[in-house]
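Working notes, beginning with the structure itself.
The values are calculated or read from the model by the stated rules, or taken from the named source; none is laboratory data. No experiment lies behind these values; they were computed from the predicted model shown. Here the Cβ is made from the backbone with ideal geometry for all residues, glycine too, and neighbour counts use every protein chain on show. Only protein heavy atoms, including side chains, enter the accessible area calculation; ligands, DNA and RNA are left aside. Shrake-Rupley method; radii C 1.70, N 1.55, O 1.52, S 1.80 Å.
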Amino acid sequence: MRYKRHKQAKKILKEIEKSSRDYLVIHYSCESFYDIQDGRTPRITSIAVRELDSGQTHSFPFIRLPRSRESLLMQSVASMTSLKRLCLTN
């Protein structure tokens, strides 16, 4: 089972490498899980979006933004991803 999954993963990564212009890598960072004492979900502190083919990276830090602005930023990143996908398919 592990070998089969490994083989599948390698195949997927090769396909991604061949069509890297179709992919964005999205990374987010959040506050430490260890610092939260009240059981709430850690807040996201920044998002970085990297275009896989060009290496161009856009960073969106949002420390101390109200949660409504965090949601707005997350929606913007999702829209950017959708827009790129739309542009590439046309």
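Listing for the model above:
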{"read-out": "Residue that is nearest to LEU24 (Cα to Cα), among those in the range 35-56 that are open to solvent by less than 70 Å² (accessible area, probe 1.4 Å) and assigned to a strand (DSSP E or B)", "value": "GLU51"}
{"read-out": "Conditions (1) in contact with a helix residue (DSSP H, G or I) (Cβ under 6 Å, 6 or more places away or on another chain); (2) modelled with pLDDT of 80 or more: number failed by GLN37", "value": "(1)"}
